[in-house]
1. Name the single residue that is surrounded by the most Cβ atoms within 10 Å (Cβ to Cβ) among those in the range 143-173 being more than 25 Å from residue 98 (Cβ to Cβ) and touching a Leu at 6+ places or on another chain (Cβ under 9 Å).
2. So how many residues does the range 174-221 have that are more than 14 Å from the chain's Cα centre (by Cα), part of a strand (DSSP E or B) and surrounded by 15 or more Cβ atoms within 10 Å (Cβ to Cβ)?
3. So is residue 236 over 16 Å from the mean Cα position of the chain (by Cα) and more than 22 Å from residue 247 (Cβ to Cβ) or not?
4. Give me the pairs: first residue in the range 66-79 and more than 14 Å from residue 134 (Cβ to Cβ), second residue of a type outside the set (S, T, N, Q) and surrounded by fewer than 12 Cβ atoms within 10 Å (Cβ to Cβ), beta-carbon distance under 8 Å, and six or more apart or on different chains, which are they?
5. Do any helices (runs of 4 or more DSSP H) entirely within the range 34-128 hold 1 or more residues that are within 28 Å of residue 221 (Cβ to Cβ) and at pLDDT 65 or above, and if so, which?
6. When the range 73-87 is examined, which residues are found to be surrounded by fewer than 19 Cβ atoms within 10 Å (Cβ to Cβ) and within 24 Å of residue 172 (Cα to Cα)?
7. Given (1) modelled with pLDDT under 90; (2) within 17 Å of the chain's Cα centre (by Cα); (3) surrounded by 20 or more Cβ atoms within 10 Å (Cβ to Cβ), identify the lone condition not met by residue 133.
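The values are calculated or read from the model by the stated rules, or taken from the named source; none is laboratory data. Since we're looking at a predicted model, the values are computed, not measured. Heads up, the Cβs are rebuilt from the backbone with ideal geometry, glycines too, and the neighbour counts pull from every protein chain shown.
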Amino acid sequence: MKKNFSVLLLLTACFSLTVACSKQESKSSDTSTTQSQSESLSASFSSSSKEEVEKSNFIDSVKTYYGKPGVDNFYITGEVKVNKDSEIKPGIYDLVIEQGRGNVMSTQSIISENYVAASAGNSEDNEETLSKIRMFLTQDEILKFSNISKASLKQVNLPEKPSDELGTGDWIVGIDIAPGTYKLSSNYDVNANKDGQFYPRMEFKIIQFSEDGKKEKIANDNKYNHDNSDVLVKLQDNQIIQIIADSYGQYNGVKPDDMKLKFNKVN
């Protein structure tokens, strides 16, 4: 009886030790998974080059995306994946539609949007749609094209000074435009219409990031048009403003590619 009781105690101790070890391994695994997820969020912002990883803040990291060599006349044969080891590398570019008329969709967690665009070579299409879009492409982003067969990515160099007029695309606060409070206007007549019913408009989103490049929130999602023309915006560090021209043709001779929001500083 004593022998059986001793064996039972030994088995119980072994079982308890096994459960404890299993819980510890599970805890370590959960911690590892959480760290991996956190690192992947940061990795999506960076193209993982040593130069970029060593940058300590948002603006310094973003600056490394300027001046990347472009890619001319690449064929669209399916989804285009952005990767530092592929033809289409992370960077800030002007996407130019070379052939076709359709949609361009960005599918990544930092900035995503669906653009309607057409080649500038087709003068009729170019009257009504965009042919050039400023894009901030990050590691592992996927671009999807519909009814577009050829495009180019044009090199964009770091601007010498911020601008107060921005067109369609992704623009960095602190580089492309200075932080501040602005009243909006435009370089086209916001009250002009086509066929008595279509008015031009510029939609915009202001996206807030943390210092290490993680998307935190949409700080503002709005539009500038004929019945919403008294608009004030506040731009801060670690933000990207995304602008989209929505037009049905030329207005007072201004094509969609040339439509811009003007940012008038408020003292």
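1. 173
2. 12
3. Judged against the criteria, residue 236 is a match.
4. 71/87; 74/87
5. 58-63, 123-128
6. If the condition is that a residue be surrounded by fewer than 19 Cβ atoms within 10 Å (Cβ to Cβ) and within 24 Å of residue 172 (Cα to Cα), then 81, 83, 84 are the ones that fit.
7. Unmet for residue 133, out of (1) modelled with pLDDT under 90; (2) within 17 Å of the chain's Cα centre (by Cα); (3) surrounded by 20 or more Cβ atoms within 10 Å (Cβ to Cβ): (1).
Rundown of residues vs (1) touching a Ser or Thr at 6+ places or on another chain (Cβ under 8 Å); (2) at pLDDT 90 or above; (3) farther than 25 Å from residue 137 by Cα, yes/no style:
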residue: 181; (1), (2), (3): no, yes, yes
residue: 193; (1), (2), (3): no, no, yes
residue: 197; (1), (2), (3): no, no, yes
residue: 209; (1), (2), (3): no, no, no
residue: 232; (1), (2), (3): yes, yes, yes
residue: 253; (1), (2), (3): no, no, yes
residue: 256; (1), (2), (3): yes, no, no
